[in-house]
Each structure stands twice: as C-alpha cells, then as structure tokens.
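Colleague: Would you mind keeping the following structure in view while I ask a few things?
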Amino acid sequence: MNPLLSSSSEAMEVIRADRALTVVRAPAIPDPVALAEALAGSGIRAVELTFTTLGVLDAIGKASAVGGAVIGVGTVTTRDQAEAAIEVGAKFLVTPALRPEVAEVAVAHQIPVIMGAFTPSEVLAAVEMGAAAVKIFPARALGPAYLKDLLGPFPHVFLIPSGGVSSHNAREFLQAGAIAVTAGTEVVAPLDVASSRWSHIGAKAARFVHSLD
C-alpha cells in the first residue's frame, strides 16, 4: 500500500471534511477569484480547475490567493503540466487515467494526486504509483454499488467517484464508501462561468452540499 494514502495534506483533509470537490469545465474563467470565493463560501473548498480551460495556470495562481479555498488542477496528463501547475500554486493534481509521470512529480513534491481509474487492476496500479486517492471515472457507468464492490479487495483505498455524480445520487456514493464525490456541471455550468454568475454558482454549490446529508 502506498505511503501517501495514510499521509496528511491540506488538500486531502479538506476534501475528506467537505466530502466533495468541484471540477470546473469551462473554456475560460473570467474571474477565478470570484469563482473560488463562491464555491468555498458555499461549502466546497476544493476546486479543481482543468487543463482544458484556456489560461488555467494564470487562473490557478489567482484563485490560490482566496482564503479557505484549496485549488487543484485536473486533466493532468504530462510531467510538464504537473510541474507547471505546482509551480503556480496547485495543491492537488487530478488525472483522467493512469499517468506514471504525473504521479512521479506529485510524489516528488509531496502533492497529492487523485488518479483516474476504473477497473480493479487500474485501481491497484494507481495505488502502487502513489495516488493519494483514486478517481473512479466514469462513475455513472456502474453506479454506487460498484464502489462498494471495489472496496471489498481494497478496503483502505480512498475512492472518489466522478462523472455522472449529482445531487440525486451523491449521498448514495458516500454511503457506498466513497470518501468524497466530484460535483461537476450541475454546480459549475460553463454558461454560468462565462456569464460570471458567481452567486448562482454559490447557491448551487450550497444545494449540492446539503444533498450529502
């Protein structure tokens, strides 16, 4: 079992405490500070920006200045992306699949990496590479019961479902054993970001958090 699974980090502590993180899928973010403030202020402090967003490194740097928010970056597929994100202040990395070179950078910098996986073999490989948690993606494919099944042979692995998680099923994923769930476009819709509807995003984040209880 990899040593990072039992280690403490600000990002993992926040994710576990809130039982959620938010992934932001938007072409661009006009005001990263306002976005981070809206989400953190509504109870989802861990915010995953992604390399599919134009100017994401600049956005990470700006959003990282928001008190209470923990900014990470997703869709990390290369060593260079991982290094660049950490340099501008990313507190955690998320990959869409198994990426050994990203794991190497994360471990070297003592930054948690949440590595994308789906099958039992991929989950085990992610753990062996040093993943602090494993993102089960796409979670909609087999639902909460699949997480419960995975925890049979891997009871100590931190699982975080992503893709198809909503306020309607998030609680079920947590009850199945997930340490947290990933809120997506239900909370942060690309159109809301483009329109700078920060209070609207905050309200949706608050509703999502309420659905977890």
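Read the figures in this text as sums done on the coordinates, not as results from a lab. Not measured: the values here are computed from a predicted model. Glycine also receives a Cβ, built like all others from the backbone with ideal geometry; neighbour counts cover every protein chain displayed.
Colleague: Using a cut-off of 18 Å between alpha-carbon atoms, which aspartates and glutamates can reach residue 91, once sequence neighbours fewer than 8 places away in the same chain are excluded?
Modeller: Straight-distance partners of residue 91: 10, 13, 18, 37, 48, 58, 80, 83, 101, 104.
Colleague: State, to one decimal in nm, how far the label point of residue 210 lies from the label point of residue 179, with both points 7 Å from Cα in the Cβ direction.
Modeller: 2.9 nm
Colleague: Next up: Need one number: nm distance between label points at residue 119 and residue 10, each 7 Å from Cα along Cα→Cβ, rounded to one decimal.
Modeller: 3.9 nm
Colleague: Turning to a different aspect of this structure: Give me the number: length gained by fully extending residue 110 to residue 33, i.e. 0.36 nm times residue separation minus the C-alpha to C-alpha distance, one decimal in nm.
Modeller: So the extension gain works out to 25.2 nm.
Colleague: Here are labelled values, [x] 11.8; [y] 9.9; [z] 14.0, and one is the computed mean projected area of the Cα convex hull in nm² for what I pasted. Which one?
Modeller: Entry [y].
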